[in-house]
Amino acid sequence: KDLGLDFELVPVAPGTADMTPQMQRVVSNNKDGVVMVIGNDAFCIAAFNGLRTAGFEGDPTTIAQGITDATRTGVPADFLEGMSISSFSPLANAKDPSIKQFNAVLDKYGADVNRTGSYGIAMFSTPGAFAAASKGLKGEVTPESVTQAIKTMPWTVIPGTGGLHFRCNGKADPAQPAVCTSATNAAKLDKTGTPTKDTPVNDTPIPD
């Protein structure tokens, strides 16, 4: 509201195969605006195709979990091309040091893991972040000592994210003290539905 933006939430039950009725509601209120679809690939496929059927002419956006090989097959390329996505990891950038590390770990321990989807990198980043956050732990390992180490950690890079940072002192998001970062990567999809250059967003130091 402070920025003069209107927001409308359109809930759709998971598993809905044809979202055309809900997307017609979106188009009737916001034909050439911005729509952000949040869900897995099956959910996003139905939403994107519903938007196409309803005549949406605006800017669709989504999260990394919504863009997979299934999405690239199930949604026409001309709808995906230029779409903005929010992603925690620059998976498409094989030259990124954090992705090189991810691939090196899989080469040794998990050659059968899907390297293009968001779930594999999430399972890499989550324990990696825990290890980084608890690095300062001292003395006996107890729930209290682990919690103390995490709450007093410095601003630290999250493994597998292309250099995004986190800090768990409760100040990353004052409204949600358990949140440790507000950072993400922003990218646009090319004509193959693949993210292009990732740009860090909101990756600013979290205050003491």
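For a paramagnetic label modelled on D59 (point 7 Å from Cα along Cα→Cβ), amide N atoms under 14 Å away belong, within the stretch 179-208, to 186-189. Of T73, T142, T62, which is the most mobile in a GNM of the chain whose springs link Cα atoms less than 10 angstrom apart? Result: T142 has the largest fluctuation of those listed.
Its alpha carbons give the stretch 143-186 an Rg and a Dmax of 11.1, 36 Å.
For a quick check, take a GNM of the chain with Cα springs below 10 Å and name the residue from A70, A187, A46 with the largest mean-square fluctuation. Highest fluctuation among the options: A70.
Applying 1/(1 + (r/R0)^6) with R0 = 45 Å to the Cβ-Cβ distance of D78 and T142 gives a FRET efficiency near 0.20.
By the gyration tensor of its Cα atoms, with a ≥ b ≥ c the square roots of the eigenvalues, what is the shape of the chain: rounded for a/c under 1.5, prolate for a/b over b/c, or oblate? Please report the intermediate quantities before stating the final value.
Details: a/c = 2.31, a/b = 1.59, b/c = 1.45.
Prolate, since a/c reaches 1.5 and a/b exceeds b/c.
Could you give the accessible area per residue of the chain, probe 1.4 Å, as a whole number in Å²? Intermediate results must be reported in sequence, preceding the final value.
Working: 12330 Å² over 208 residues.
Accessible area per residue, the chain: 59 Å².
Counting only residues at least eight positions apart within a chain, or on another chain, the lysines with an alpha carbon under 26 Å from that of K191 are K31, K95, K100. When the solvent-accessible area of the chain is split by element, carbon and sulfur atoms take up 57 percent of it, the probe being 1.4 Å. Note on the chain: with a GNM built from Cα contacts shorter than 10 Å, the maximum mean-square fluctuation among A94, A175, A47 falls on A175.
Could you work out how far the C-alpha centroid of the stretch 157-197 sits from that of the stretch 107-136, in angstrom? Cα centroid of the stretch 157-197 versus Cα centroid of the stretch 107-136: 15 Å apart.
DSSP beta bridges confined to the chain are antiparallel in about 60 percent of cases. Projecting label points 7 angstrom from Cα along Cα→Cβ for K100 and D32 puts them 4.6 nm apart.
Partner lysines whose Cα lies under 20 Å from the Cα of K171, excluding those fewer than 8 positions away in the same chain, are identified as K135, K151. Spin-label model, K1 to D190: label points 7 Å out along the Cα-to-beta-carbon direction sit 4.4 nm apart.
In whole percent, what relative contact order does the chain give with Cα contacts below 8 Å and a gap of six or more residues? Walk me through the intermediate numbers first.
Working: 345 pairs, mean separation 36.0, N = 208.
Here the relative contact order equals 17 percent.
The values are calculated or read from the model by the stated rules, or taken from the named source; none is laboratory data. Just so it is clear, the structure is predicted and the values come from calculations on it, not from any experiment. Ideal geometry is used to build each Cβ from the backbone, glycine not excepted, and the neighbour counts take in all protein chains shown. Surface accessibility is based on the protein's heavy atoms, side chains included, excluding ligands, DNA and RNA. Shrake-Rupley method; radii C 1.70, N 1.55, O 1.52, S 1.80 Å.
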